[in-house]
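K.L.:
I am attaching a structure below and will ask some questions about it afterwards.
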Amino acid sequence: MFPEPQTRISQRALVVWRISGSISTLFVFLIGGGFITLGILFNWPLMIMVAIGIFMLVYAWLAVFFLPMMRWKRWRYEVREQEIELQRGVFIIKRTLIPMVRVQHVDTQQGPLLRKYGLSTVMISTAATVHEIPALEGVEAERLRQSISRLARVADEDV
Amino acid sequence: MSSPKRMHPIAALLNILQHLKELFIPILLLLFFGNRGESEGMLYLIAVGVGLVLFLVSGFLSWYRFTYRVEENELRIEHGLLVRKKRYIPFERIQSLDVSEGILQRPFGLVKVKVETAAGSGNGEAEAVLTAIKKAEANAIHDLIVSAKRGSNPNEVEAFPDESVIYKMTMPDLLLLASTSGGVGVILSANLAIVFQFEEFIPYERVFQEMEQFISNGIMFISFVVFLGFFFVWLLAVIGTMLKYANFTLRKVEDDFIITRGLFEKRQFTIPLKRIQAIRISENIVRQPLGMATVYVESAGGSSSNEESSKVLFLPIIKRHNITQLLEPYLEDYEWNSKLSPAPPQALVRYLIRGALVSLPVIVVMVYLFQIWGLLSLGLLAVTSLWAYLQFKAAGWSLEQNMVTLRYRLIIKNTVYMRKNNVQSLSVKQSLFQKKKRLATVEAVVKSGQGGSGGKVLDLHEKDIAIIYNWYSRENSTVRME
């Protein structure tokens, strides 16, 4: 629609997303494998088992390769003097504007997987909403947190 | 005002009643299920009796220990039997006093005052509650708070505050409000469901031939009873609404809007002008054809779980075209007359598809189950298509210098007026399908109570969406348009 925000999130996010995608794929394979075993035991039609097999493969491709890639490609943000702009989404692209004057506070957050890769998630809260920038490099996240709270403090208008 | 005061003794009684209400079921259980054998039964009764006495004493003592006073621009409350608690609330922090008159308070000229601050105490309770104090006292506290907030001497409170009545509910309005509220939807759909059932199981022609047999089957009788049941529920809802909203009055006193309502239990709400985040005009399906609408204001703050303090019923029922004229003088920051632009024609298809997605699965199942008779459920497709068309017609937007208006319909048609400064964040969304048709979705969020509310319009033209987006952006938007 209009020009994209410029900054990308860390490339290591891709690795983290692929790992969590693999974990969920593992569960899908366990369940799917269970069904196929049942199918062999009880002589289900071959078609059903083929369908389950295809589903598992498609899921693995989506969760490990396609979705993390698209998600990473799409994820952009920009922190400007007076506002923050976010862009995300794979099939539905969502753009959000958060004026600095509306920012109440900024948090950073780090799960075990993110910590292993030295990444953090930044959460920006307004009076009514919370927005999240996933997987920024630790230093970058900290810098961002500080600059947003500095800029947010300068501006004061009524709520 | 500075010496510690106790509440009216009625407060002790109210306190005890409140606790009894909470313990009602445990006591019942104890009385009915604990009663085994003569001697043990006596023991239980004694235990319950002792418990009750303890209750009364503790209720009395906690009333005795509860004092409040006004000191150094703070409301200071001290209470607690074993653990003595003090709570000092600075006047500047107090956002509103919610005054209500219960049945027990009224004969003594007392009121219950709830003090609300911005900090929701987490569990959704008001910061402080004075269960029963004299009306004059409540007014005195209110005046003190108002003058303290203005930073002036309490003695300089204007003798005649600038007050005007904006709206007063009349009896016909009250009747209309009660009879066209959500309850009608329930009864209509119940009727429809019954009619539909007839159509699906027994086609009408055959029904009329076999009427006698039909009645003896009792289906007619049962559905009649069900209908009566729904009617009764609806009637109760109507009466409930009438009691709740009787004498509804909206006044503006200086910079506050004050709402009073209720027949047996009088309630009073204060909405400071500054805390209003958005104005919402809702037209439900029954009221819209009558040209009537309901106006809500979204207000910031208030306790978290309290729906009533975030989305406040402002004008319960009013002619749609009178709203502007009525509110314009009091809400000067809002532009009421800006013309809304509709969704582009290519959006209609998407609205229709969304509607069909709701009805098609039902139709497929119906045809599968009832074969040819299942085709009757195609009527459902007509209903959802009409609904989708109405949604399409409702979609609209307009911009002013400092204000955005969004109009949309889920079931109720909503028009939301938001000032730019009150919009907390603005998002636009575009799916691949939308992109092909050059459409996009816009959503604006305002603060409401402790959470968010706002407006979301699907499938506007992406050119229009870009205009809204750039309007909200605070950095050289014109350059970014190119």
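The values are calculated or read from the model by the stated rules, or taken from the named source; none is laboratory data. As the structure is a computational prediction, the values presented were derived from the model and not from experiment. Positions of Cβ are backbone-derived with ideal geometry, glycine not excepted, and every protein chain shown enters the neighbour counts. Heavy atoms of the whole protein, side chains included, go into the accessibility calculation; ligands, DNA and RNA do not. Shrake-Rupley method; radii C 1.70, N 1.55, O 1.52, S 1.80 Å.
K.L.:
Compute the accessible area per residue over segment A:1-128, keeping the other protein chains in place, probe 1.4 Å, unit Å².
P.N.:
On the way: 6880 Å² over 128 residues.
Per residue, segment A:1-128 has an accessible area of 54 Å².
K.L.:
Can you flag which of A:Lys73/A:Lys116; B:Lys413/B:Lys456; B:Lys114/B:Lys252 are past 18 Å Cα-Cα? Walk me through the numbers on the way to the answer.
P.N.:
Details: A:Lys73/A:Lys116 22 Å; B:Lys413/B:Lys456 12 Å; B:Lys114/B:Lys252 20 Å.
As for pairs spanning more than 18 Å Cα to Cα, those are A:Lys73/A:Lys116; B:Lys114/B:Lys252.
K.L.:
How many percent of the accessible area of segment B:44-97 is carbon or sulfur, using a 1.4 Å probe? Mind dumping the intermediate values first?
P.N.:
Numbers: 2110 of 3360 Å².
Carbon and sulfur: 63 percent of the exposed surface of segment B:44-97.
K.L.:
I'd like the distance between the alpha-carbon centres of segment B:313-344 and segment A:1-40, rounded to an integer number of Å.
P.N.:
Distance between centres, Cα-based: 49 Å.
K.L.:
While we're here: Averaged across A:121-131, how many Cβ atoms of other chains sit within 10 Å of each residue's Cβ atom? Let's see the in-between values first.
P.N.:
Details: counts 0, 0, 0, 1, 1, 6, 13, 17, 9, 2, 2.
For peptide A:121-131, the averaged partner shielding equals 5.
K.L.:
Averaged over every viewing direction, what's the projected area of the C-alpha convex hull for segment A:78-154? Give it in nm², one decimal, please. Numbers along the way, then the final one.
P.N.:
Values: hull surface 21.0 nm².
Hull-based average projected area comes out at 5.3 nm².
K.L.:
Select from segment A:1-34 all residues whose loss of accessible area on going from the chain by itself to the full protein assembly reaches 40 Å² or more (probe 1.4 Å).
P.N.:
Those residues are A:Met1, A:Phe2, A:Pro3.
K.L.:
Need one value for A:94-105: mean number of C-beta atoms belonging to other chains within 10 Å of its residues' C-beta atoms. Walk me through the numbers before you get to the answer.
P.N.:
Working: counts 7, 8, 8, 12, 5, 10, 1, 2, 7, 2, 2, 0.
Taking all residues of A:94-105 together, the mean is 5.
K.L.:
While we're on this one: Could you sort B:277-290, A:105-118 so that the peptide with the highest average Cβ count within 10 Å comes first and the rest follow in order?
P.N.:
Values: B:277-290: 19.4, A:105-118: 13.9.
Result, highest mean first: B:277-290, A:105-118.
K.L.:
Run the accessible area of segment B:347-391 with a 1.4 Å probe and give the carbon-and-sulfur part as a rounded percent. Don't jump to the answer; show the numbers that get you there.
P.N.:
Working: 2370 of 2790 Å².
Carbon and sulfur: 85 percent of the exposed surface of segment B:347-391.
K.L.:
Here is a further query. Please report, in whole Å, how far the alpha carbons of chain A spread along each principal axis, starting with the longest.
P.N.:
70, 36, 26
K.L.:
Quick one: 3J(HN,Hα) in Hz for segment B:42-50, Karplus 6.51/-1.76/1.60 with θ = phi - 60°, rounded, Gly and Pro as x.
P.N.:
Going residue by residue, I get 4, 4, 4, 4, 4, 4, 4, x, 4 Hz, with x marking Gly and Pro.
K.L.:
Looking at segment B:422-439, which residues lose a minimum of 40 Å² of accessible area between their chain alone and all protein chains in place, measuring with a 1.4 Å probe and not counting ligands or nucleic acids?
P.N.:
Output list: B:Gln424, B:Ser425, B:Ser427, B:Val428, B:Lys429, B:Gln430, B:Leu432.
K.L.:
Under 5 Å between amide H atoms, partner at least 5 residues away or on a different chain: which partners does A:Thr126 have, H built in plane at 1.01 Å?
P.N.:
Here the answer is A:Gln104, A:His131, since their amide H atoms fall under 5 Å of that of A:Thr126.
K.L.:
Counting only heavy atoms of protein chains, what accessible area per residue, in Å², does segment B:350-427 have with a probe of 1.4 Å?
P.N.:
Details: 3840 Å² over 78 residues.
Counting only protein heavy atoms, the per-residue value for segment B:350-427 is 49 Å².
K.L.:
Carbon and sulfur atoms: what percent of the 1.4 Å accessible area of chain A do they account for?
P.N.:
65 percent
K.L.:
Turning to a different aspect of this structure: If you place +1 on the Cβ of every Lys and Arg, -1 on the Cβ of every Asp and Glu, and leave all else neutral, what size is the dipole of chain A about its Cα centre, to the nearest 20 Debye?
P.N.:
Numbers: 18 positive and 13 negative charges, 100 e Å.
Dipole magnitude for chain A comes out near 480 debye.
K.L.:
Follow-up. Calculate log10 I(q)/I(0) of segment B:347-391 for q = 0.21 Å⁻¹, where I(q) comes from the Debye formula with a single equal point scatterer on each Cα and nothing for solvent.
P.N.:
-0.61
K.L.:
Also, I was wondering about something else. To the nearest hundred square angstrom, how large is the accessible surface buried between B and A, total for both chains, probe 1.4 angstrom? Present the calculation step by step, with values, prior to reporting the outcome.
P.N.:
Values: alone 27330 and 10070 Å², together 34740 Å².
About 2700 Å² of accessible surface is lost on pairing.
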